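In what follows, a single structure is set out as structure tokens and then discussed.
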Amino acid sequence: MNLLWLQAAGCGGCTMSLLCAEAPDLFSLMEGAGIELLWHPSISLETGGEVRALLDRIESGAQTLDILCIEGAIARGPRGTGRFQMLAGTGRSMLDWVRSLAPRAGHVVAVGTCAAYGGMTAAGGNPSDAVGLQYDGALPGGILGEGFRARLGLPVVNVAGCPTHPDWVSETLMMLAAGDFGPEAMDALGRPLFYARNLVHHGCPKNEFYEYKASAEALSEIGCMMEHLGCIGTQAVGDCNIRPWNGTGSCTRGGYPCINCTAPEFEDPGHAFTATPKIAGIPVGLPTDMPKAWFMALASLSKAATPARIAKNAHADRIVAPPTLRPPRGRA
Amino acid sequence: MSRLVVGPFNRVEGDLEVHLDVENGRVRSAEVSSPLYRGFEAMLIGRDPMDALTIAPRICGICSISQSAAAAQALAAAGGVQPAPQGALIAALIQAVENVCDHLTHFNLFFMPDFTRPCYAGRGWHRRALDRFTPAEGGAQRAALRARAELMHILGLLAGKWPHTLAIQPGGVTRAPDERDRTRIRATLRAFRDYLETTLFGAPVEEFIALATPADLMRWSRGDAGLFLEIAADLDLDTLGRGAGRYLSFGAYPLDGGPVFAPGLWQDGGLAPLDTAAIAEDLSHSWMLGPTAHPFAGDTRPDEAMREGAYSWCKAPRLNGQPAEVGALARQVIDGHPLAVALAGGGVLARVAGRLLELARTQIALERMAGAIRPAERFMIRTPPVREGQGAGLVAAARGALGHWVRIEGDVIASYQIIAPTTWNFSPRDAAGVPGPLEAALVGTPVAEGEETPIAVQHIVRSFDPCMVCTVH
């Protein structure tokens, strides 16, 4: 399986994150999966004319393309020309190149939320008129259109995340290379289910605080960040707290809220990222699959039942009240 | 005279196109173009000031933490607050880890592979360059990837993840490390030192730091650094792509006892006072509209017509009306390291050696910072929301001086301007026709007959370690 990787309008952070793959390292992983890099902008030797020749060969059909990875959103501006991002040396926009190359690829993978849905590049009025490959925010379409299918029949695989976890990308590629990835492996937004069937909430070390709605009121307090600090880990897909980042990390483990970076339009939540919008003091945007009345009833009950240890810790910047030790039973 | 268009230019972060006028086998003049515009400064306007901490890091996936640090410092300055000292220490530590990783990535993945090219077959060192730096296969590349990933465990621990953390705040950092974290950080740093001393330098980092003259440097034969120096001597990389010797640094890692590396301006062979009020961005050759302005007064309005005569989305920052080179070499010269001072004004060799020197010195600084963590103290103070005010965040990204200038009015961001390191280094010409540092450094570069993408040009461009996604943002 060969792979061509192009960086569109993004920050390059998904590649940088991918280079953090461990046990084994990225190069060993790719080699082991039989994935040969035709070209990657951060890794390959070839530059300038050598790359233009490769792109020409793919375009003419002389070179088969198995997997096309696009990282970054596609800038359509100004005025639909795509000239906010020209693929250097080619005199053509990235918009033009991706439209031309995608139908020739066996699989097309959108690496990161920008490539999938527009992502941060589309934030704040979207100055570059950026969209994803097959989505414009949550709306199907993008530059390739809702009906697009790559040569081997799949729509764009949206490995969303800002950035993507290195394993999300490498495992998707390995499954594609092994022929183990079909339409049933994706959720309704085209994301691989192997990480999108979990919520960021799963495995979050703040779960005990969540159970009692023992909430942090300001960043650096270790309580649950849902009620006041904008955390939407109970709604955001991702196995971030099951399979941590950079060894042992995750956003909530780092003491800051999950901002739902695997979802379309996370970049413009309509409120400050680290503040929970409320109506009459009640957070809007409760867990999606729980009846609101039940949630409210359980929340007020559990708040009332909060053990002193948990209430105390929630407002501290570290555990100040360790678990209560019970004297061992038996052995009288 | 012939004209060459070089691109796509890879093993640089982001998009770059270089136009060369070549005459008699030499570059007569160069134009450097940043062909991507996203408009981050415009995105920030009208938003809650704290949103800058989420959005600004996403300008760049390789200097993400530097963008965080600059945003947090700009917001702190606008609000007139100081972070908790231990919070500032952790912020500095995680930023230093990112910078070290960037230097490592640059040397092993971006810069050195060019010496594996067939045009160098037959050189005494070519076989070893192939063994060490063939993309995705070379031993040095794989070792660097592993060392980098393991060092970044410190970021998993303290910053949640890399890139794009929200851990750095105006009041400090969101997570208070405990005694176990401190122990783990020290262990990770010891392992990284082992990597540096067995692989990159092949000797204690202190020995590399003790090099005081270019002659001492060129005698260094150990590790992958030694291989680079052997190649540099053979190809005379010292004279290739020399700079004007005018360096700018905002200093690095502000701690209780002062910054780890001093800020300043270096010109005419000596230090000069740095007046950041004398910074202005010229738009004469950029596809941007508006007058030349200091970033507090600046604006980002793209020229959608992409007018003739302009050739880049990059603005042209000038200090006292003149360009300046930024980067590890600039920082080390301004900090007064004798080897760096002796290399001032140099070309490819000086920039790469400056980076290796900074890598070694930062390892020591990291160990000192880790030793200074006091888990019992506070790592963040609560800061009130900033309703009005302006402030600048001036930091050291791996590639050089990074500045954020924010103005807040009526609870929201009224203006946000960013000058990234590569905005300085890869700036287009200004109204006086003065080229940017890379454009100037490329003049005189040899171009062999038939070369489409001249190898010497590639060495020079990559010696700056450009980050193009930051450049225009």
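Every number in this text was worked out from the coordinates using simple rules, so none of it is lab data. Bear in mind the structure is a predicted one, so any value in this text is a computation, not a measurement. When we count neighbours, we look across all protein chains shown, and the Cβ atoms used for this are built from the backbone with ideal geometry, even at glycine.
Within straight-line reach of B:LYS161, meaning a Cα separation under 28 Å, sit the following lysines at least 8 residues removed in sequence or on another chain: A:LYS206, A:LYS213, A:LYS312. Classify segment A:2-193 as rounded, prolate or oblate from the Cα gyration tensor: take a ≥ b ≥ c as the square roots of its eigenvalues, call it rounded if a/c is under 1.5, otherwise prolate when a/b beats b/c and oblate if not. Rounded, since a/c falls under 1.5. The Cys residues in chain A with no partner Cys Cβ within less than 4.7 Å of their Cβ are A:CYS11, A:CYS14, A:CYS20, A:CYS69, A:CYS114, A:CYS204, A:CYS224, A:CYS231, A:CYS240, A:CYS251, A:CYS258.
Spin-label model, A:ARG318 to B:HIS294: label points 7 Å out along the Cα-to-beta-carbon direction sit 4.2 nm apart.
Taking segment B:221-239 and a reference point 7 angstrom along Cα→Cβ of B:ARG26, the backbone N atoms nearer than 16 Å belong to B:239. The 3J(HN,Hα) values that the Karplus relation (6.51, -1.76, 1.60; θ = phi - 60°) gives for segment A:279-295 are, in residue order, 10, 6, x, 9, x, 8, x, 6, x, 5, 10, 10, x, 4, 4, 4, 4 Hz. Gly and Pro appear as x. Arranged from fewest to most other beta-carbon atoms within 10 Å of their beta carbon, A:ILE143, A:ILE310 become A:ILE310, A:ILE143.
In chain B, the DSSP-assigned H stretches of four residues or longer account for a calculated mean residue ellipticity at 222 nm of -11000 deg cm²/dmol, using -39500 (n - 2.57) per stretch and the full residue count as denominator. Note on B:GLN82 and A:LEU139: their simple-model spin labels are 5.1 nm apart, each label 7 Å out from Cα toward Cβ. Which one of A:MET296, A:MET186, A:MET226 has the biggest mean-square fluctuation once chain A is modelled by GNM with Cα springs under 10 Å? Judging by the Gaussian network model, the answer is A:MET296. Looking at segment A:144-253, the GluC sites (Glu not before Pro) that sit in a DSSP loop and have at most 11 other Cβ atoms within 10 Å of their own Cβ are A:GLU146. Within the listed set A:VAL131, A:VAL157, A:VAL284, the Gaussian network model of chain A (springs between alpha-carbon atoms below 10 Å) gives the highest mean-square fluctuation for A:VAL284.
Net charge of the neighbourhood of A:MET1, taken over other residues with C-beta under 9 Å away and scored Lys/Arg +1, Asp/Glu -1, is -2.
FRET efficiency for the pair B:ARG301 and A:ALA297, taken as 1/(1 + (r/R0)^6) with r the Cβ-Cβ distance and R0 = 45 Å, rounds to 0.30.
Note on the protein assembly as shown: Kirkwood hydrodynamic radius from all Cα pairs is 26.6 Å, rounded to one decimal. Relative to the longest principal axis of the Cα atoms of chain A, the long axis of helix A:166-178 lies at roughly 50 degrees.
Taking the centroid of alpha carbons for each part, segment B:327-344 and segment B:389-427 are 24 Å apart.
Among A:GLY147, A:GLY119, A:GLY190, the residue with the largest mean-square fluctuation in a Gaussian network model of chain A, with springs joining Cα atoms closer than 10 Å, is A:GLY147. Spatially, segment A:1-33 and segment B:202-232 are offset by 31 Å when compared through their Cα centroids. Listed by chain and number, the aspartates and glutamates whose alpha-carbon sits under 15 Å from that of A:LYS278, ignoring those within fewer than 8 places in the same chain, are A:GLU217, A:GLU227.
The calculated FRET efficiency for A:ILE242 paired with B:SER221, based on their beta-carbon distance and R0 = 51 Å, is about 0.60. Two tests apply to each whole DSSP H helix in chain B, Cα reach of 20 Å or more along its axis and mean Kyte-Doolittle hydropathy of at least 0.5, and the ones passing both are B:64-79, B:85-105, B:348-371. Between A:GLU211 and B:GLU179, the C-beta separation translates, for a Förster distance of 30 Å, into a calculated FRET efficiency of about 0.65. Distance from the Cα centroid of segment A:76-137 to that of segment B:9-70 is 17 Å (rounded to whole angstrom). Longest stretch of chain B clear of exposed loop sites (GluC sites (Glu not before Pro), DSSP loop, at most 10 other Cβ atoms within 10 Å, sites excluded): B:1-307.
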